[in-house]
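Before any comments, here is the structure.
The values are calculated or read from the model by the stated rules, or taken from the named source; none is laboratory data. This one's a predicted model, so the numbers in the text were calculated from it and none came from an experiment. Cβ placement follows ideal geometry from the backbone for every residue including glycine, while neighbour counts extend to all protein chains displayed. With ligands, DNA and RNA removed, areas are computed over all heavy atoms of the protein, side chains included. Shrake-Rupley method; radii C 1.70, N 1.55, O 1.52, S 1.80 Å.
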Amino acid sequence: MTLTLAAIACLLAVTLCYAGVCAGSPFGNCRKCDGLGFALTTDRKGKPKRGKTCRRCKGHGKRIRVGRWIFNRAQRIYREGTR
């Protein structure tokens with residue numbers, strides 16, 4: 001019984017911390033371009049240079065977090081259902 005309560009408390013703490021991160025900072029860095037907005041390429045000499053604009057984030061370098069996306073979707077459904 002004690003192990004179950006500890007697991008529930010741990011999951012609750014992780015969930016609340018993630019909800020706090022999503023509320024405080026709803027956008028994170030793009031996973032494909034690491035927040036640069038473009039892909040790094042190398043020229044023949046081995047020097048890095050700017051490549052094409054990232055298609056996933058459209059050059060912004062930011063993405064919306066999964067928790068914030070779910071929250072926004074739930075809010076939109078609630079607002080449309082209570083009109």
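Observations on the structure shown:
- Spin-label model distance (nm) - ARG55 vs ARG31, 7 Å beyond Cα toward Cβ: 1.7 nm
- Helix 66-81 and the longest principal axis of the C-alpha atoms of the chain enclose an angle of approximately 60°.
- Over the chain, accessible surface divided per residue gives 87 Å², non-protein components excluded, 1.4 Å probe.
- Mean-position separation - Cα centroids, the range 1-55 and the range 60-83, in angstrom: 18 Å
- Label of the coordinate-derived value, mean projected area of the Cα convex hull in nm², listed as (1) 9.6; (2) 8.1; (3) 8.4: (1)
- Label-to-label distance, nm, for residues given as THR4 and GLU80 (7 Å Cα→Cβ offset): 3.9 nm
- Solvent-accessible area of the range 23-63 (1.4 angstrom probe, protein heavy atoms only): carbon and sulfur portion equals 50 percent.
- Think of it this way: in the chain, CYS10, CYS17, CYS22 stand alone, with no other Cys Cβ under 4.7 Å.
- Close Lys pairs in the chain (alpha-carbon distance under 22 Å; sequence gap of 8 or more, or different chains): 8.
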